[in-house]
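For reference, the structure I am asking about is given below.
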Amino acid sequence: DGQLYDVQTALARCYLRLGRLADAEAALHDLMQAPYTVERMGPVRWVIVRVNHGMAVNQQGRSEAAERTLTEAVDAARRHLGAEHYLTGAALSQLADVYAMRGQFDRALAPAREALAIVRKSSGERSQSHMLMRASLGVLELQSGQLQTAISTLTGARSTLIELLGERSPQAQGASFYLASALVEVSRPAEAAELLTAVDAAGL
């Protein structure tokens, strides 16, 4: 059972990366049925299946189903793996994406910040994964109207992403664009214009 479960999970992950969302959901459906309990399969496998299923369903626009699955994954990860486990962070990050795709940016902030704290502790302050998640948090802060906080978050993320990946990298370009957007909102257009001179459509 364990080997088949792992193969099916890996297949679903491939489908996700290829954008074959319905195929990914179908591959994961059977793994979420009663015989495959968290006790039988182990919490890591069990949570990964639900995180991937939540991603597949959310990207198909079924946010309520995604929220149910991901909330279940967060609860199980906290209970069986601990509040600071990387899979707890992964589930929280995907739950934040569900809220963001609905336009519930204020509601997305708490799980996004909790996920960021977990990634910072597990991956390091200057890791690429931490900086990418920090930039995403800055975008949420911008979208929820927390402009000064967004500027601070995005400034730090952009600076480190430039050091890690280069100013022309898509990741740094995205951080520059959203930082410029926040600066415009607080009436700092000259600073925004300077940032935008280094932004190009291909990078974005």
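Residue by residue, here is whether (1) among the aliphatic types (A, V, I, L, M); (2) over 23 Å from LEU132 (Cβ atoms); (3) open to solvent by less than 60 Å² (accessible area, probe 1.4 Å) holds:
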{"site": "ALA10", "(1), (2), (3)": "yes, yes, yes"}
{"site": "LEU18", "(1), (2), (3)": "yes, no, no"}
{"site": "ALA73", "(1), (2), (3)": "yes, no, yes"}
{"site": "GLY89", "(1), (2), (3)": "no, no, yes"}
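Residues in region 164-184 that are assigned to a helix (DSSP H, G or I) and either free of Cβ contacts under 8 Å to residues at least 24 places away in the same chain or buried (at least 21 other Cβ atoms within 10 Å of the Cβ) (or both): how many?
Looking only at that region, the number is 11.
May I pose another question? Of all residues in region 99-128, which are within 10 Å of SER144 (Cα to Cα) and among the acidic types (Asp, Glu)?
ASP106
Condition first: of a type in the set (S, T, N, Q) and open to solvent by less than 50 Å² (accessible area, probe 1.4 Å). Now tell me which residues in region 93-118 satisfy that.
The answer is SER93, GLN94.
Which residue pairs have Cβ atoms under 8 Å apart, sit 6 or more places apart or on different chains, and have a first residue in region 45-69 that is part of a helix (DSSP H, G or I) and surrounded by 24 or more Cβ atoms within 10 Å (Cβ to Cβ) and a second that is among the basic types (Lys, Arg) and modelled with pLDDT of 95 or more?
THR69/ARG50
Scan region 131-151 and report the pairs whose first residue is free of Cβ contacts under 8 Å to residues at least 40 places away in the same chain and whose second residue is of a type in the set (A, V, I, L, M) and not in a helix (DSSP H, G or I), with Cβ atoms within less than 6 Å and a gap of 6+ or a chain change.
Partner pairs satisfying both residue conditions: LEU147/VAL186.
Something else about it: Which residues, taken from region 186-204, are part of a helix (DSSP H, G or I) and surrounded by 16 or more Cβ atoms within 10 Å (Cβ to Cβ)?
Residues satisfying the conditions are ALA192, LEU195, LEU196.
Considering only residues that are farther than 12 Å from HIS53 by Cβ, open to solvent by less than 70 Å² (accessible area, probe 1.4 Å) and of a type in the set (A, V, I, L, M, F, W, C), which ones fall in region 23-40?
VAL38
The values are calculated or read from the model by the stated rules, or taken from the named source; none is laboratory data. All values derive from a computational prediction rather than experimental measurement. So basically every Cβ, Gly included, is an ideal-geometry build from the backbone, and we count neighbours across all protein chains shown. What goes into the accessible areas is simple: the full protein's heavy atoms, side chains included, and nothing from ligands, DNA or RNA. Shrake-Rupley method; radii C 1.70, N 1.55, O 1.52, S 1.80 Å.
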